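Each reported figure results from applying straightforward, stated rules to the coordinates on display, with no laboratory input. Just so we're clear, the structure is a prediction, and the values are computed from it rather than from any experiment. Virtual Cβ from ideal backbone geometry, glycine too; neighbours counted across all protein chains shown.
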Amino acid sequence: MSAQNKDVLVAEAVRLREQGHPEQARERLLALTAEFPDALDVAYQTAWVHDVLGLEAEAVPYYERALQSDGLDDEDRRGALLGLGSTYRVLGRFGQAVETLRRGVAEFPDDGALRTFLSMALFNTGEHHEAMQILLRLVATTSDSPHVRRYRPAIEHYAADLHRTM
């Protein structure tokens with residue numbers, strides 16, 4: 001099978017997943033994985049469909065394979081880092097979740113979803129102070145609420161040092 005045909009079949013599997021047919025998508029992606037074991041996009045999509053189906057443990061090796069080199073485009077790499085970090089967290093592998101999500105935030109510092117998931121993983125490792133700082137900064141910089149915007153300087157000030165009261 002050609003790479004062009006592979007891309008068409010991957011796109012069909014993604015459509016199936018998005019249209020609420022993840023088991024059919026999984027079957028197609030597993031077949032593609034067998035035929036293209038080194039294709040990072042196939043590994044990523046296979047991981048994603050396993051996550052959708054609640055098969056987190058089965059998703060991990062596909063995410064890891066997808067991230068083994070820099071072959072994914074930025075959007076897929078961002079999704080794979082978030083997916084793997086989140087999956088590690090769901091599986092109780094909190095240290096690996098933090099490590100993966102920190103890598104994601106380092107590569108994509110403007111991604112609020114990565115920072116949010118990192119804060120959750122930090123909470124799970126007992127790093128409550130850093131988790132809260134990340135969330136406060138995220139709220140201060142991304143909220144559309146006029147009330148939050150009014151207090152943005154104060155929120156950012158206290159995010160720098162949560163122990164400060166004045």
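Taken about its Cα centre, the chain carries a charge dipole of roughly 680 debye when the Cβ of each Lys and Arg holds +1 and the Cβ of each Asp and Glu holds -1.
Taking the Cα centroid of segment 105-160 and of segment 25-92, what is the distance between the two, rounded to the nearest whole Å? Result: 27 Å between the Cα centres. Between the residues G54, F94, L40, the greatest Cα displacement towards the positive end of the dipole of the chain, with unit charges on the Cβ of Lys, Arg, Asp and Glu, is found for F94. Going through (i) -0.26, -1.25, -1.39; (ii) -0.34, -1.19, -1.28; (iii) -0.38, -1.11, -1.18, the figure that equals log10 I(q)/I(0) by the Debye sum over Cα atoms at q = 0.09, 0.19, 0.20 Å⁻¹ as computed for the structure here is (iii). One-quarter of the Cα convex hull surface for segment 98-166, in nm²? Average projection, Cα convex hull of segment 98-166: 4.8 nm².
Computed over segment 1-72, the percent of Cα pairs more than 15 Å apart is 46.
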